[in-house]
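Structure, as structure tokens:
The values are calculated or read from the model by the stated rules, or taken from the named source; none is laboratory data. Being a predicted model, the structure only gives us computed values, none of them experimental. Quick reminder, even Gly has a Cβ in these numbers, built from the backbone with ideal geometry, and neighbours come from all protein chains shown.
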Amino acid sequence: MGNGNVIKLLVVGTVAYDTIETPFGKVENVLGGSALHFTNAASFFTDVGIVATVGRDFKLSAIDFLKDRNVDLSGITVGEGKTFSWSGRYGYDLNQAITLKTELNVIEEFKPIVPGHFRNAAFVFLANIDPQLQIHAINQVTTPTLIVLDTMNFWIEHKYDLLMEAIEKIHMLIINEAELREISKEHNLVRGAHKIMAHGPSWIIAKRGEYGVLMMSEKEVFLAPAFPLEDVFDPTGAGDTFAGGFMGYLANVGEVSSETIKQAVVMGSVMASFNVEDFSINRLKHLKYEEIKERYTAFKRCYEFKDIEFG
Ligand code: AMP
């Protein structure tokens with residue numbers, strides 16, 4: 001791609017160099033960022049247009065493999081300065097990332113320009129980035145069917161009002177349970193989700209790390225577990241990978257309903273289960289479509305049981 005074709009799924013977010021420490025090892029300046037993890041997953045299901053910025057230090061050839069998966073990289077600009085970088089550490093509780101350093105670098109001067117052939121994408125994912133830039137991107141899309149937003153504590157704490165302004169313009173929020181509590185100022189997730197829905201979104205998906213996800217709308221609640229893996233190396237990007245599997249699946253089906261959203265939640269969970277098996281974007285870079293099907297079958301078996309008959 002990259003040839004000006006209209007795309008189904010647009011993502012705006014970060015492409016980063018991450019330094020990550022988990023109990024199982026440490027990696028420095030590896031590929032990461034919300035938009036990159038997202039795209040790495042979504043591109044198994046649909047064509048994706050990515051809008052992001054990197055610095056002059058970024059090796060663009062390292063993400064060239066995405067072109068073979070129908071990713072249009074023409075929305076990535078190269079800014080003056082260094083690439084956005086994030087350093088984080090996890091203890092034995094892999095659900096809790098401790099941010100050691102966030103260097104915004106080129107993000108500080110970034111104004112996302114959505115290329116013309118991305119503007120009528122039906123599915124739009126505003127990955128974790130400055131909410132001001134998320135609003136700027138929303139204003140450029142013309143006919144969105146579904147706009148989904150993710151964020152994190154960094155932006156909730158630094159730009160709460162702008163984040164709430166962005167939330168008013170979207171259809172769905174996908175965030176960690178801790179972030180849901182922080183945004184809604186409610187301890188109870190169900191109560192918190194309803195409070196946020198009153199501001200606009202029709203669906204809230206709360207990511208709960210190894211406990212899976214909780215999807216809520218005004219009328220429904222749906223739960224999906226996380227696939228129980230024996231080896232989890234690095235949870236970084238699991239949330240974005242979930243969102244990528246979720247949105248990629250939905251964009252491919254092309255229909256947003258209660259049923260397709262639940263299927264998409266399952267597909268997101270399947271994709272996230274791969275991401276945590278290796279550092280950075282490595283596991284999904286080499287993933288085969290056959291492996292996705294196998295994991296889906298194993299995943300489904302985890303919560304199938306014979307109906308209980310009440311006498
Ligand atoms: P996740 O583990 O799915 O929540 O996302 C991890 C990715 O988010 C990492 O690869 C980071 O580069 C990126 N990231 C960390 N902090 C921020 C931030 N404040 N804004 C945007 N992206 C971030």
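Here are the numbers for the structure shown:
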quantity: Subset of the stretch 183-242 (residues that are touching a helix residue (DSSP H, G or I) at 6+ places or on another chain (Cβ under 9 Å), part of a helix (DSSP H, G or I) and hydrophobic (A, V, I, L, M, F, W, C)); calculated: Ile183, Leu189, Ala193, Ile196, Ala238, Phe242
quantity: Filter result for the condition that a residue is touching a Phe, Trp or Tyr at 6+ places or on another chain (Cβ under 8 Å) and closer than 18 Å to Ala251 by Cβ, over Leu146, Leu133, Leu163, Leu126; calculated: Leu146
quantity: Of all residues making up the stretch 267-277, the number that are more than 11 Å from the ligand (Cβ to nearest atom) and buried (at least 19 other Cβ atoms within 10 Å of the Cβ); calculated: 7
quantity: Hits in the stretch 26-35 (condition: more than 11 Å from the ligand (Cβ to nearest atom) and among the β-branched types (Val, Ile, Thr)); calculated: Val27
quantity: Any chance Lys219 is more than 16 Å from the ligand (Cβ to nearest atom), of a type in the set (D, E, K, R) and surrounded by 16 or more Cβ atoms within 10 Å (Cβ to Cβ); calculated: no
quantity: Inter-residue pairs, beta-carbon under 7 Å, first surrounded by fewer than 23 Cβ atoms within 10 Å (Cβ to Cβ) and in the stretch 113-132, second of a type in the set (Phe, Trp, Tyr) and at pLDDT 95 or above, 6+ apart; calculated: Asp130/Trp155
quantity: Hits in the stretch 283-311 (condition: surrounded by fewer than 15 Cβ atoms within 10 Å (Cβ to Cβ), within 29 Å of Val27 (Cα to Cα) and not charged (D, E, K, R)); calculated: His286, Tyr289
quantity: Scope the stretch 70-87; condition touching an Asp or Glu at 6+ places or on another chain (Cβ under 9 Å) and not hydroxyl-bearing (Ser, Thr, Tyr); matching residues; calculated: Asn70, Val71, Asp72, Leu73, Gly79, Glu80, Gly81, Lys82, Phe84, Trp86
quantity: Residues located in the stretch 151-173, provided they are of a type in the set (D, E, K, R), surrounded by fewer than 15 Cβ atoms within 10 Å (Cβ to Cβ) and within 16 Å of the ligand (Cβ to nearest atom); calculated: Glu157
quantity: Of all residues in the stretch 239-254 being more than 8 Å from the chain's Cα centre (by Cα) and within 16 Å of the ligand (Cβ to nearest atom), the one that is nearest to Asn282 (Cα to Cα); calculated: Gly245
quantity: Residue count, the stretch 160-182 (criterion: of a type outside the set (D, E, K, R) and outside any strand (DSSP E or B)); calculated: 10
quantity: Count - residues of the stretch 252-301 that are among the polar types (S, T, N, Q), over 22 Å from Tyr90 (Cα atoms) and free of Cβ contacts under 8 Å to residues at least 40 places away in the same chain; calculated: 4
quantity: Any chance Ser280 is surrounded by 13 or more Cβ atoms within 10 Å (Cβ to Cβ) and at positive phi; calculated: yes
quantity: Some residue of the stretch 102-119 being among the β-branched types (Val, Ile, Thr) and at pLDDT below 95; calculated: no
quantity: The stretch 250-260 - residue that is in contact with a Ser or Thr (Cβ under 8 Å, 6 or more places away or on another chain) and over 17 Å from Leu126 (Cβ atoms) and, of those, surrounded by the fewest Cβ atoms within 10 Å (Cβ to Cβ); calculated: Ser258
quantity: Some residue of the stretch 174-182 being within 15 Å of the ligand (Cβ to nearest atom), more than 30 Å from Gly25 (Cα to Cα) and without any contact (Cβ under 8 Å) to a residue 24 or more places away in the chain; calculated: no
